[in-house]
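Below is one structure, written out as structure tokens; the observations come after it.
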Amino acid sequence: MSLGLVIVQTLNGLQLGVLLFLIAAGLTLTFGVMNFVNLAHGVQYMVGAYLAAMFAAWTGGFWGSLALTLPAALAFGLALEVLIFRRLYDRDHLSQILATFGIILFLNQAVKTIWGAAPLSVPVPASLSGSIVLMPGLLFPVYRLALIGAGLATALALYLFITHTRVGMLVRAGSTNAPMVSALGVNIRRLFMLVFGFGAMLAGFAGALVAPILSVEPGMGDNLLILAFVVIVIGGIGSIRGAFIAALMVGLIDTLGRAFGPQLLRLALSPSAASQTGRALAPMLIYILMAAVLFERPAGLFPVRR
């Protein structure tokens, strides 16, 4: 286990963590403010990646694609909210789960019909291509560092927006007591629409950021959706701070556990047993963490006061 490998895997874990935060932030606001279980949030991440690939082909560059993807992802989220989701707010959670699962199936088939089943790619912007020297003989892609920086900057901007603006105050109040906010004269349906559209844009932003380094393909958001739910359960439903800290924890534990779990187990087990046990145990680490957090703090690490 070399220092260079530890540094690289830590940066990879941070990258996964900030991507999870961008997805989980919208999900935790939707669940916390609207009490709405949206399983289709992962496909909004996938649609963002496909929009980035389409706009990159149109504009011939990443930056033009990103500038078009953000408003398109926002418009897509608002369209889903107006046409489908607002009819589910008063339904029970089981109905919401079944309906949004149906949307997952529909949109996965829709992207296959529109863009085909073959994976698409987005070129890395020339200004962020190449690698940076972390230490002698150790390189790390500049784009991945920029992705981490963009995620951290977005987290800071979102925190300031939620805690220091009037709209953010209404969002926090809505997550605490939505009926009271509505009774005070706030159009709660418009607030819900704003929260949903903003969450969809964040998920689309995550998809656009990851498009240059991962294949854009149908179903790419399904696994990340599961991790995003783990994040909001650990951090506390409705808490942006909790989502940020939990996303970094999940990203680091998942990445470092997969990379170094078998090596650490070799201290107590034979190499073959350590390798087999490590491969089996590594995917379980984040769920073990979730169970431990729920055992001690059933509402999560940073629950929203109600």
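The values are calculated or read from the model by the stated rules, or taken from the named source; none is laboratory data. Computed from a predicted structure; not experimentally measured. With ideal geometry, Cβ positions are generated from the backbone for all residues, glycine too; neighbour counts draw on all protein chains shown.
In the set (1) under 23 Å from the mean Cα position of the chain (by Cα); (2) farther than 30 Å from Val181 by Cα, the condition left unmet by Ser270 is number (1). Of the helices (runs of 4 or more DSSP H) lying entirely inside region 120-222, those containing at least 3 residues that are small (Gly, Ala, Ser) and over 30 Å from Ile7 (Cβ atoms) span 166-183, 188-210.
I'd like to check something: does region 93-102 contain any residue that is within 21 Å of the chain's Cα centre (by Cα) and at positive phi? No, every residue in region 93-102 fails to be within 21 Å of the chain's Cα centre (by Cα) and at positive phi.
Selection within region 276-306: residues that are within 14 Å of Leu256 (Cβ to Cβ) and more than 21 Å from the chain's Cα centre (by Cα). The member of this set that is surrounded by the fewest Cβ atoms within 10 Å (Cβ to Cβ) is Leu281. Of the set (1) at negative phi; (2) assigned to a loop (DSSP other than H, G, I, E, B); (3) modelled with pLDDT of 75 or more, all apply to Ala268 but (3).
Checked against the criterion of being in contact with a helix residue (DSSP H, G or I) (Cβ under 6 Å, 6 or more places away or on another chain), more than 16 Å from Leu209 (Cα to Cα) and either modelled with pLDDT of 85 or more or not β-branched (Val, Ile, Thr) (or both), region 141-156 contains not a single residue that satisfies it. Please go through region 80-94 and pick out each residue that is touching a helix residue (DSSP H, G or I) at 6+ places or on another chain (Cβ under 9 Å) and in a helix (DSSP H, G or I). Of everything in region 80-94, those that are touching a helix residue (DSSP H, G or I) at 6+ places or on another chain (Cβ under 9 Å) and in a helix (DSSP H, G or I) turn out to be Leu80, Glu81, Val82, Phe85, Arg86, Arg87.
In the set (1) at pLDDT 90 or above; (2) surrounded by 19 or more Cβ atoms within 10 Å (Cβ to Cβ); (3) closer than 24 Å to Leu105 by Cβ, the condition left unmet by Gly42 is number (1).
Ala49 meets each of the listed conditions (1) farther than 29 Å from Phe302 by Cβ; (2) out of contact with any Gly (no Cβ under 6 Å at 6 or more places or on another chain) apart from (2). Considering only region 57-64, I want to know if a residue exists there that is surrounded by 15 or more Cβ atoms within 10 Å (Cβ to Cβ) and either in contact with a Phe, Trp or Tyr (Cβ under 7 Å, 6 or more places away or on another chain) or closer than 18 Å to Phe196 by Cα (or both). Taking every residue of region 57-64 in turn, none turns out to be surrounded by 15 or more Cβ atoms within 10 Å (Cβ to Cβ) and either in contact with a Phe, Trp or Tyr (Cβ under 7 Å, 6 or more places away or on another chain) or closer than 18 Å to Phe196 by Cα (or both). For Gly185, the requirement of being over 19 Å from Gly32 (Cβ atoms) and in contact with a Phe, Trp or Tyr (Cβ under 8 Å, 6 or more places away or on another chain) is not met. Scanning region 1-39 for residues that are polar (S, T, N, Q) and either modelled with pLDDT of 85 or more or touching a strand residue (DSSP E or B) at 6+ places or on another chain (Cβ under 7 Å) (or both) yields a count of 4. Restricting Leu209, Leu145 to those that are surrounded by fewer than 18 Cβ atoms within 10 Å (Cβ to Cβ) and within 17 Å of Leu14 (Cα to Cα) reduces the list to Leu145. Filtering Leu14, Leu29, Leu22, Leu68 for residues that are assigned to a helix (DSSP H, G or I), over 18 Å from the mean Cα position of the chain (by Cα) and among the aliphatic types (A, V, I, L, M) leaves a single hit, Leu68. For Ser121, the criteria (1) over 18 Å from Gly42 (Cβ atoms); (2) surrounded by fewer than 13 Cβ atoms within 10 Å (Cβ to Cβ) hold in every case but one, which is (2).
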